[in-house]
Amino acid sequence: MDRELFVTNDIEQEWINKIRQNREWIEQTAREADTAGKLNHRLIDWLITEGYSKLSLPEKYGGYGLSIKSVILLQETLASYDESTALSIGWHLGIVGEVFQFKLWSDDMMTEFAEAVQNGALSNRVVSEAQTGSPTRGGRPATHAVRQGEGWLLNGVKTYTSMSHRLTHYIVGAYVEEKETLCFFYVPADKEGCRIEESWDVTGMRATESHDLILDDVYVEDRYLVEAGRDKVDNPWLMHIPAVYLGIAQGARDDAAIFAHSHSPNSIEGTIADIPHIQSKLGEMELKLMTARHFLYHAADLHQSGARGLAPTFGAAKHIVVNNGINIMDIAMRIIGGKSLEKAGIIERRHRSMRAGLHNPPMDDAVIRMLAAETQDISR
């Protein structure tokens, strides 16, 4: 498999082996979670117990200290069996990686956060709101924070709170009038006034349980204002998102290949994999998968080499992975035929979840505009 080319250390290989060895029950519980529209609690419990939630936490803080490249590799592997859980815990891994790599918070708060993660904490950055749409579009959030004694009082409603019921900490984006900017607050989930409203009823990524978070006069101490109007940086940790969709695409390719090399209708000799037009489809899938994977991992390598100005590259990686993945899914379902629509199979779920990638940031049109801006230098 092309993925094996990117395994570069023992920790990566150990985790890949561990995930693969548990494939049978992971896939079974993923199917059950999707049907129920509930989190795959058994898998989440297992990941925490095994230390997966500490992958991106630096070693000096008690974690594995894995790079974004390693996280991409493991997220891709996990997503090929359970994409909803992979995307959910990926938000946590991305936040931990971003906060500690760029030292976004005070030393005291990073220490407090690290201790929580060591003890099994799960976090998510909650920014989206129904009225503002995608947070990357720049809309001013209605969620706001005002001074209250020695701390802050938060009120608002946040959407797309993935892994909602299992989160121990919310990183809440709220507008602060006195600072005239968007700020982020570290909010323990057990704070009075925090409530999850079960609103998640969708076709794809059903088991992320991305319900609404209600903040009703939630009081947090002043030290929990962890970010205020910070400068934008090229954030490589958002590549945990395309890693999940790459895993889904890999799974679809595998489904189609297994079917093609085993399905032998009585109208032909051998299997359908011997038919030229099926061979063309299998080859086209493989090419699209290799293109997406190599671009994504190269983007990670560029970051680790110290390259700057990689926002267009990170955006292009997500665009290529998701759109190639959708094409791969279409080809795979054409190969499998009507059986690809059977709910008893996994590819029907992969098909639904793959479409969700179009709605994760950055959006396709934003990426294309960003790339178009790169052409301005040519005329100068």
Strands (runs of 3 or more DSSP E) contained entirely in the range 110-173, each with at least 2 residues that are in contact with a Cys (Cβ under 6 Å, 6 or more places away or on another chain): none
field: Which numbered condition residue 374 fails, given (1) open to solvent by less than 40 Å² (accessible area, probe 1.4 Å); (2) touching a residue at least 24 places away in the same chain (Cβ under 8 Å)
entry: (1)
message: Criterion first (surrounded by fewer than 17 Cβ atoms within 10 Å (Cβ to Cβ) and closer than 20 Å to residue 38 by Cβ) does residue 221 satisfy it?
response: no
message: For the range 168-175, check the following and say yes or no: at least one residue is hydroxyl-bearing (Ser, Thr, Tyr) and under 21 Å from the mean Cα position of the chain (by Cα).
response: yes
query: If you check residue 105 against the conditions, is it open to solvent by less than 20 Å² (accessible area, probe 1.4 Å), assigned to a loop (DSSP other than H, G, I, E, B) and in contact (Cβ under 8 Å) with a residue 40 or more places away in the chain?
result: yes
field: Residue tally, condition exposed (fewer than 15 other Cβ atoms within 10 Å of the Cβ) and outside any loop (DSSP other than H, G, I, E, B), over the range 224-253
entry: 1
message: For the list (1) part of a strand (DSSP E or B); (2) within 30 Å of residue 245 (Cα to Cα); (3) of a type outside the set (D, E, K, R), I need the number of the one condition that residue 215 fails.
response: (2)
- request: Test residue 71 against the stated conditions and say whether it is open to solvent by less than 60 Å² (accessible area, probe 1.4 Å), in contact (Cβ under 8 Å) with a residue 40 or more places away in the chain and closer than 16 Å to residue 242 by Cβ.
  value: yes
- prompt: Can you name the residue in the range 198-230 that is in contact with a strand residue (DSSP E or B) (Cβ under 8 Å, 6 or more places away or on another chain) and polar (S, T, N, Q) and, of all such residues, is farthest from residue 183 (Cα to Cα)?
  reply: 199
So residue 213, is it surrounded by 14 or more Cβ atoms within 10 Å (Cβ to Cβ) and over 23 Å from the mean Cα position of the chain (by Cα): no
task: For the range 35-65, enumerate the residues that are among the hydroxyl-bearing types (Ser, Thr, Tyr) and surrounded by 15 or more Cβ atoms within 10 Å (Cβ to Cβ).
output: 52, 53, 56, 61, 64
message: Looking at the range 75-92, can you tell me whether even one residue there is among the aromatic types (Phe, Trp, Tyr), in contact with a Ser or Thr (Cβ under 7 Å, 6 or more places away or on another chain), more than 24 Å from residue 257 (Cα to Cα) and modelled with pLDDT of 95 or more?
response: yes
- prompt: Within the range 307-320, can one find any residue that is more than 30 Å from residue 264 (Cβ to Cβ), aromatic (Phe, Trp, Tyr) and open to solvent by 50 Å² or more (accessible area, probe 1.4 Å)?
  reply: no
query: So which of 344, 292 ends up being under 26 Å from the mean Cα position of the chain (by Cα) and open to solvent by 30 Å² or more (accessible area, probe 1.4 Å)?
result: 344
query: Among the candidates 81, 61, which residue alone is of a type in the set (Ser, Thr, Tyr) and touching a Lys or Arg at 6+ places or on another chain (Cβ under 6 Å)?
result: 81
- line: Selection from the range 342-372 of residues out of contact with any Asp or Glu (no Cβ under 9 Å at 6 or more places or on another chain), more than 22 Å from residue 161 (Cβ to Cβ) and outside any helix (DSSP H, G or I) yields 343, 344
- line: The correct count of residues that are within 20 Å of residue 29 (Cβ to Cβ) and not β-branched (Val, Ile, Thr) in the range 316-350 is 7
- prompt: Quick one: in the range 254-289, which of the residues that are touching a residue at least 60 places away in the same chain (Cβ under 8 Å) and of a type outside the set (D, E, K, R) is most open to solvent (accessible area, probe 1.4 Å)?
  reply: 259
statement: Within the range 281-327, of all residues that are in a helix (DSSP H, G or I) and of a type in the set (Lys, Arg), the one nearest to residue 233 (Cα to Cα) is 318
query: Out of curiosity, is residue 353 small (Gly, Ala, Ser), closer than 18 Å to residue 34 by Cα, surrounded by 16 or more Cβ atoms within 10 Å (Cβ to Cβ) and within 17 Å of the chain's Cα centre (by Cα)?
result: yes
statement: Within the range 254-280, of all residues that are assigned to a loop (DSSP other than H, G, I, E, B) and touching a helix residue (DSSP H, G or I) at 6+ places or on another chain (Cβ under 6 Å), the one farthest from residue 104 (Cα to Cα) is 271
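The values are calculated or read from the model by the stated rules, or taken from the named source; none is laboratory data. Computed from a predicted structure; not experimentally measured. Here the Cβ is made from the backbone with ideal geometry for all residues, glycine too, and neighbour counts use every protein chain on show. Side chains included, ligands, DNA and RNA excluded: accessible areas come from the protein's heavy atoms. Shrake-Rupley method; radii C 1.70, N 1.55, O 1.52, S 1.80 Å.
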